[in-house]
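As structure tokens, the structure follows; a few thoughts come after it.
The values are calculated or read from the model by the stated rules, or taken from the named source; none is laboratory data. Owing to the predicted nature of the structure, the values given are computational and were not obtained by experimental measurement. Cβ placement follows ideal geometry from the backbone for every residue including glycine, while neighbour counts extend to all protein chains displayed. Quick note on the areas: whole protein, heavy atoms, side chains included, nothing else; ligands and nucleic acids left out. Shrake-Rupley method; radii C 1.70, N 1.55, O 1.52, S 1.80 Å.
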Amino acid sequence: MVKDYLTSNGYQILPSYHFENAWKQAARTYGNVYDPNSGKVDVNAWKGAMITAGEILREQTDADAIVFADVFEHKVQHSASMQHYARWYGVTRKPAFKGRNDGIPVGFEWTKEIAAASVLITIYDVNLNRIFSSRGGIDTLYAVSLKSANPTYVRRKKLLDNNDHIEEGIELAFHPFIPMAKYPGNP
């Protein structure tokens with residue numbers, strides 16, 4: 001969807017194998033930059049691999065930039081107001097519900113932290129200068145389960161299945177690099 005968005009805004013996208021090949025060559029020198037056991041990135045190995053990958057891309061392609069799109073999970077809260085909206089990174093989302101809606105008890109803890117997904121766009125030039133970085137909200141990952149007398153938040157089974165929410169997150173994350181037509185913030 002990020003490729004489609006860039007293409008629809010006049011950018012040419014090189015096949016991803018250019019970066020993948022450059023990254024594989026760089027990774028042979030610096031080793032695996034991601035440790036699957038700890039879930040952490042070795043920052044020094046990553047920097048070295050990126051510098052090498054950038055050098056390879058400069059030599060072998062006419063690329064101007066490298067675009068990374070990362071979907072990440074973080075905490076948000078619904079508000080205690082009447083509509084119970086959650087707001088983050090430019091989006092406003094109503095709470096999702098699971099089960100019959102016979103009403104929510106007055107004491108329900110709307111402001112409990114729940115997980116949400118957002119997209120992070122980072123753009124580097126081929127000399128590896130970061131030229132842009134921004135985030136756009138996508139959707140909450142929890143719903144209010146109404147299957148019992150005491151509703152609770154539960155992890156949604158279908159995650160990121162709303163293409164409109166994903167497209168909105170991408171547009172928000174690229175703004176102002178690519179101006180969003182209906183940007184919800186200050187111009």
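For this structure, a couple of remarks:
- Close pairs (8 angstrom Cβ cut-off, 6 or more residues apart or separate chains): touching a residue at least 24 places away in the same chain (Cβ under 8 Å) in the range 169-185, of a type in the set (Lys, Arg) anywhere: Leu172/Arg135; Ala173/Arg135
- Cβ-Cβ under 6 Å pairs, at least 6 apart or on other chains, the range 58-71 side open to solvent by 70 Å² or more (accessible area, probe 1.4 Å), far side in a loop (DSSP other than H, G, I, E, B): Arg58/Val126
- Qualifying positions in the range 101-119 - crowded, with 16+ Cβ neighbours inside 10 Å and aliphatic (A, V, I, L, M): Ile114, Ala116, Ala117, Val119
- Residue selected from the range 130-187 under the condition farther than 26 Å from His84 by Cβ and open to solvent by 40 Å² or more (accessible area, probe 1.4 Å), by the criterion nearest to the chain's Cα centre (by Cα): Ser133
- Odd one out for Met50 among (1) more than 20 Å from Asn127 (Cβ to Cβ); (2) more than 20 Å from the chain's Cα centre (by Cα); (3) of a type outside the set (S, T, N, Q); (4) open to solvent by less than 90 Å² (accessible area, probe 1.4 Å): (1)
- Whichever residue in the range 17-38 is polar (S, T, N, Q) and assigned to a helix (DSSP H, G or I) and, among such residues, is most open to solvent (accessible area, probe 1.4 Å): Thr29
- Just one residue in the set Thr122, Thr152 is of a type in the set (Ser, Thr, Tyr) and in contact (Cβ under 8 Å) with a residue 40 or more places away in the chain; that residue is Thr122.
- Criterion applied to Ala96, Ala49, Ala45, Ala116 was being in the same structural domain as Ser148 (by the TED database), over 20 Å from Glu171 (Cβ atoms) and among the aliphatic types (A, V, I, L, M), and the one residue passing it is Ala96.
- Checking each residue in the range 81-100 for being open to solvent by 30 Å² or more (accessible area, probe 1.4 Å) and charged (D, E, K, R) picks out Arg87, Lys94, Lys98, Arg100.
- Taking strands (runs of 3 or more DSSP E) as the structural unit, those lying wholly within the range 39-127 and holding at least 1 residues that are at negative phi and in contact with a helix residue (DSSP H, G or I) (Cβ under 9 Å, 6 or more places away or on another chain) correspond to 65-76, 91-93, 114-125.
- Here Gly54 clears all of (1) closer than 30 Å to Tyr30 by Cα; (2) of a type outside the set (S, T, N, Q); (3) in the same structural domain as Leu160 (by the TED database) except the condition numbered (3).
- For the residues Ala181, Ala173, Ala143, the requirement of being part of a loop (DSSP other than H, G, I, E, B) and small (Gly, Ala, Ser) singles out Ala181.
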